[in-house]
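Have a look at the structure below, then the notes.
The values are calculated or read from the model by the stated rules, or taken from the named source; none is laboratory data. Here the structure is a predicted model, which means the values were calculated and not measured. For neighbour counting, all protein chains shown are included, and Cβ atoms are generated from backbone atoms with ideal geometry for every residue, glycine included. Please note that ligands, DNA and RNA were not included when accessible areas were found on the heavy atoms of the full protein model with its side chains. Shrake-Rupley method; radii C 1.70, N 1.55, O 1.52, S 1.80 Å.
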Amino acid sequence: MLDPHLNDVQRRCVLAHEISHARHRDAGCRCDRWSERRADMEASAMLISPLEFAYAEAVYEGNTIGMARELNVLPWAVVAFRERLRDDPSLIVQ
């Protein structure tokens with residue numbers, strides 16, 4: 001059950017992260033760093049489009065907090081999306 005005190009942005013980010021864990025049948029709170037990183041990166045893929053990310057990055061000059069506000073995600077999702085781009089440069093919008 002999600003914390004009822006989460007705001008809308010927090011709720012959607014946490015839910016996307018937990019959906020990733022559920023897809024992989026991760027073992028509850030006993031996940032390792034790799035599983036957490038994978039869940040963050042998959043959640044960021046669910047929440048952020050490459051085109052919107054490119055726009056936010058240009059407008060906010062890479063400022064993570066500003067980008068997160070623009071994209072309606074938590075800052076960790078922006079960081080995770082950047083990791084996805086490093087891992088798969090074909091996602092980069094020119």
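At-a-glance table
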item: Long-range neighbours under 8 Å by Cβ, at least six apart or interchain, first residue of a type outside the set (S, T, N, Q) within region 74-87, second at pLDDT below 90; result: Arg84/Leu91; Leu85/Leu91; Leu85/Ile92
item: Qualifying positions in region 40-94 - modelled with pLDDT of 95 or more, open to solvent by 70 Å² or more (accessible area, probe 1.4 Å) and polar (S, T, N, Q); result: Asn63, Asn72
item: Residues being touching an Asp or Glu at 6+ places or on another chain (Cβ under 9 Å), farther than 12 Å from Asn72 by Cβ and open to solvent by 60 Å² or more (accessible area, probe 1.4 Å) - total across region 3-30; result: 3
item: Subset of region 45-67 [among the small types (Gly, Ala, Ser), at negative phi and without any contact (Cβ under 8 Å) to a residue 12 or more places away in the chain]; result: Ser49, Ala58, Gly66
item: Helices (runs of 4 or more DSSP H) fully within the chain counting 1 or more residues that are out of contact with any helix residue (DSSP H, G or I) (no Cβ under 9 Å at 6 or more places or on another chain) and among the acidic types (Asp, Glu); result: 8-23
